[in-house]
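Below you'll find the structure, written out as structure tokens, and then a few comments.
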Amino acid sequence: MPSDTLTLPADLETKSRDAPPPQQQRAPAPPRTATPRRYRPRRTTADRVREALLTLAQGHASLLTHEEKAWASITFSGTRHEVMLDFDGPEAVAAGEEFIDELPEHEFRIPGQLVADATVREIDHRFGADERLVVTAVLLLLEEG
């Protein structure tokens, strides 16, 4: 009668053992009930230009318009930004005049971009009881790298 068990000769020795049973795995963590991660959109170059100009305006300006246009030459590529800012009231107009003076020489820090030119293209200054200054600034940005 054949046997289902394997019999080894007495002179044969087994050097390996059976693999130990697997360690008990940790139970999966319960699902988080905390608030889900909020989507945070990436800040674009245009967002950074607006932020830099409004910071230079010392918080006294309101953004009226912002136009961005891509451009490229044989050696460079970048964007041209035309931004119209409104300085409303005597204190804001004084800040606007400082903005006009400082803009051409200001050192902008925009990651991945070099501000090649920053100029004031147009100024609309209204005097009187409702003093107002509207400044149109043009920035030419080059992509670094």
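Checking each residue in region 75-106 for being crowded, with 18+ Cβ neighbours inside 10 Å and aromatic (Phe, Trp, Tyr) picks out Phe87, Phe99.
Within region 107-124, the set of residues being surrounded by 14 or more Cβ atoms within 10 Å (Cβ to Cβ) and touching a residue at least 24 places away in the same chain (Cβ under 8 Å) comprises Phe108, Ile110, Gln113, Leu114, Val115. Scanning region 31-87 for residues that are within 15 Å of Val120 (Cα to Cα), charged (D, E, K, R) and touching a residue at least 60 places away in the same chain (Cβ under 8 Å) yields a single hit, Arg80. Restricting attention to region 121-145, the residues that are assigned to a strand (DSSP E or B) and over 20 Å from Thr45 (Cβ atoms) total 9.
The set of residues in region 95-120 being of a type in the set (A, V, I, L, M) and outside any strand (DSSP E or B) consists of Ala95, Ile100, Leu103, Ile110.
The sole residue among Ala46, Ala92 that is among the small types (Gly, Ala, Ser), under 16 Å from Val134 (Cβ atoms), part of a helix (DSSP H, G or I) and modelled with pLDDT of 90 or more is Ala92.
The values are calculated or read from the model by the stated rules, or taken from the named source; none is laboratory data. Here the structure is a predicted model, which means the values were calculated and not measured. Ideal geometry is used to build each Cβ from the backbone, glycine not excepted, and the neighbour counts take in all protein chains shown.
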